[in-house]
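The structure appears right after this line, and notes come after that.
The values are calculated or read from the model by the stated rules, or taken from the named source; none is laboratory data. All of these numbers come straight from a predicted model, not from anything done at the bench. Positions of Cβ are backbone-derived with ideal geometry, glycine not excepted, and every protein chain shown enters the neighbour counts.
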Amino acid sequence: MADLCALAVDVGGTKVAAAVVDRRGEVVRSARAPTPSGDAEAVFSALAGVVSAVSDGTEVVCGVGCGGPMSLGGGTVSPLNIPAWREFPLRARLASSTGLAVFVDNDAKALALGEGWRGAACGVDDYIAMVVSTGVGGGIVLGGRLLDGAEGNAGHIGHVIVVPDGRLCGCGARGCLEAEASGTGIRAATGRPAAEADASVVLRTARLVGRAVASVANLLDLRLAVVAGSVALGFGDPFFAAAQAEVDRSARLLFSVGTQIVPAGLGAAGPLVGAAAVGWRGLGEPLVAP
């Protein structure tokens, strides 16, 4: 299967994207479009449009990364940052429109696979990968294996409480990392998009992300966090320096001291490379080294 390709699909709160990705994780061609704010069918129509733009009908599998929560295997998805989709049958709809075997997983779990395949976690057996963007999600690899959980939602670091009795989250709880540090949360708190955040907002966001990472490191005995997403990467070096300082302050156990928080290595291609990895994983095919 060395010369075969996967159809990779990334579904986010601000954009939908698709790509053809080869067996070594190289993006052959891609397309993207804004995520509509309309009803469920409007969102799917936009997604179908980018899929049609890249697919030539020769792909052998479709892998999807989508915001959660979702049912096991992505049979239905209910992304908190896409209100129009509640228990939306994404896997079946894509299987019908593409004719391919479709495998769906949380977008941050997909990122974790991609970063371990070709990114900043390549060669590492124990790590968390995070997306700090419109929302906040995560995927955890332990012993070289991606954790799924009972319903496929393991690693959802966005709903770790980092501010007791803090801002109301879309999940219904208060003080979740997603409510406090996501692009959506920053806009709600400041009235401005994250791209216009001042230094104090960058520092606060970084500290909260670092706090959550330290908690995960202490809980799961891992020493690497790989972070992607428009908020974290857009804030850049000041964000990562402040987040690392918070990790250093809060990960103090013998096995968690020295935990590192680093930018994702795949950049903008990460979500789609990860989605392709979801597809190959679903088929039981090993990820081919680049």
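Taking each residue of the range 113-134 that is over 15 Å from Gly65 (Cα atoms) and surrounded by 24 or more Cβ atoms within 10 Å (Cβ to Cβ) and looking for partners that are modelled with pLDDT of 95 or more and aromatic (Phe, Trp, Tyr) with beta-carbon atoms closer than 7 Å, six or more apart or interchain, yields Ala121/Tyr127. Looking at the range 247-259, can you tell me whether even one residue there is over 21 Å from Val163 (Cα atoms) and buried (at least 16 other Cβ atoms within 10 Å of the Cβ)? Scanning the range 247-259 turns up at least one residue that is over 21 Å from Val163 (Cα atoms) and buried (at least 16 other Cβ atoms within 10 Å of the Cβ). So, Gly234, is that one part of a helix (DSSP H, G or I) and either modelled with pLDDT of 95 or more or more than 30 Å from Leu4 (Cβ to Cβ) (or both) or not? The answer is yes for Gly234. Among residues of the range 263-277 being part of a helix (DSSP H, G or I), of a type in the set (A, V, I, L, M) and at pLDDT 95 or above, the one that is surrounded by the most Cβ atoms within 10 Å (Cβ to Cβ) is Ala276. Selection of first residues in the range 140-153 that are closer than 9 Å to Asp126 by Cα and modelled with pLDDT of 95 or more and of second residues that are assigned to a strand (DSSP E or B) and among the β-branched types (Val, Ile, Thr), restricted to Cβ pairs under 7 Å at least 6 apart or on distinct chains, gives the following pairs, ordered by first then second residue: Ile140/Ile128. Scanning the range 183-214 for residues that are over 18 Å from Ala241 (Cα atoms) and not aliphatic (A, V, I, L, M) returns Gly183, Thr184, Gly185, Arg187, Thr190, Gly191, Arg192, Pro193, Glu196. Quick check, is Gly116 modelled with pLDDT under 95, outside any loop (DSSP other than H, G, I, E, B) and not aliphatic (A, V, I, L, M)? In short, no.
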